[in-house]
Amino acid sequence: MALQLRPNCEYCDKDLSPNSTVARICSYECTFCADCAESKLHNVCPNCGGGFVQRPIRPTTEWRQGLSMAKRPPSNTRVHLSYSLDDIAAHTMRIKDIPPENR
Ligand SMILES: [Zn+2]
Ligand SMILES: [Zn+2]
């Protein structure tokens, strides 16, 4: 199993290339841009309630056999929000002050 490396921010639909340094993921790989993760979601995943970390970058160069962007390509399935913006705002307010390790 490898990370899917989803192609977009689920909130604002901005493109997130596989080598983007502003892609953020939760433990289920819900994927957002850093701006939405911070300013819109306050480090609360709208789907699972967990926090975010920076998505690691898969190497372009095949430094080890079979392991590279070409050999394990990123997902091209765009993912969109599953809840309304009002619902997400309420969910975020309910959870944002609880540290991720205590959620
Ligand atoms: Zn975004
Ligand atoms: Zn999540």
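The long axis of helix 85-95 is offset from the longest Cα principal axis of the chain by roughly 80 degrees.
For the chain, the solvent-accessible area with a 1.4 angstrom probe is 62 square angstrom per residue. Amide H contacts of Glu29: none lie under 5 Å away among residues 5 or more positions distant or on a separate chain (H built 1.01 Å from N in the peptide plane; Pro and chain starts excluded). Ordering Glu62, Glu101, Glu10, Glu29 by accessible surface, largest first, gives Glu101, Glu62, Glu29, Glu10; the 1.4 Å probe counts only protein heavy atoms, with every chain in place. Approximating the spin labels as points 7 Å out from Cα along Cα→Cβ, the Thr77-to-Glu62 distance works out to 2.6 nm.
Here the dipole of the chain is about 400 debye; that uses its Cα centre as origin and unit charges on the Cβ of Lys and Arg (positive) and Asp and Glu (negative).
With point charges of +1 on the Cβ of Lys and Arg and -1 on the Cβ of Asp and Glu, referenced to the Cα centre of the chain, which listed residue (Met93, Thr21, Ser82) lies farthest in the positive direction of the dipole? Value: Thr21.
Among the chymotrypsin sites (Phe, Trp or Tyr not before Pro) found in segment 1-35, those both in a DSSP coil and sparsely packed, with 11 or fewer other Cβ atoms within 10 Å of their Cβ, are Tyr28. Ligands, DNA and RNA excluded, the heavy atoms of Val79 present near 40 Å² of accessible surface to a 1.4 Å solvent probe.
For segment 50-65, the Karplus equation 6.51 cos²θ - 1.76 cosθ + 1.60, evaluated at θ = phi - 60°, returns couplings of x, x, 10, 9, 5, 6, x, 9, 7, x, 6, 6, 7, 5, 10, 4 Hz by residue, with Gly and Pro reported as x.
Return the carbon/sulfur percentage of the accessible area of the chain, one whole number, probe 1.4 Å, all protein chains in place. Of the solvent-accessible surface of the chain, carbon and sulfur hold 52 percent. Taking the chain as a Gaussian network of alpha-carbon nodes connected by springs under 10 Å, the highest mean-square fluctuation of the residues Leu85, Leu41, Leu16 belongs to Leu85. Taking other residues whose beta carbon is less than 14 angstrom from the beta carbon of Arg58, and scoring Lys, Arg as +1 and Asp, Glu as -1, yields +3.
Hydrodynamic radius of the chain by the Kirkwood approach over all distinct alpha-carbon pairs: 14.2 Å. Think of it as helices only: each DSSP H run of n ≥ 4 in the chain is worth -39500 (n - 2.57), and spread over all residues that comes to -3000 deg cm²/dmol at 222 nm. Placing pseudo-labels 7 Å out from each Cα toward the beta carbon at Cys48 and Ala2 gives an inter-label distance of 2.0 nm.
The values are calculated or read from the model by the stated rules, or taken from the named source; none is laboratory data. This one's a predicted model, so the numbers in the text were calculated from it and none came from an experiment. So basically every Cβ, Gly included, is an ideal-geometry build from the backbone, and we count neighbours across all protein chains shown. Remember, those area values only see protein heavy atoms, side chains included, never the ligands or the DNA or RNA. Shrake-Rupley method; radii C 1.70, N 1.55, O 1.52, S 1.80 Å.
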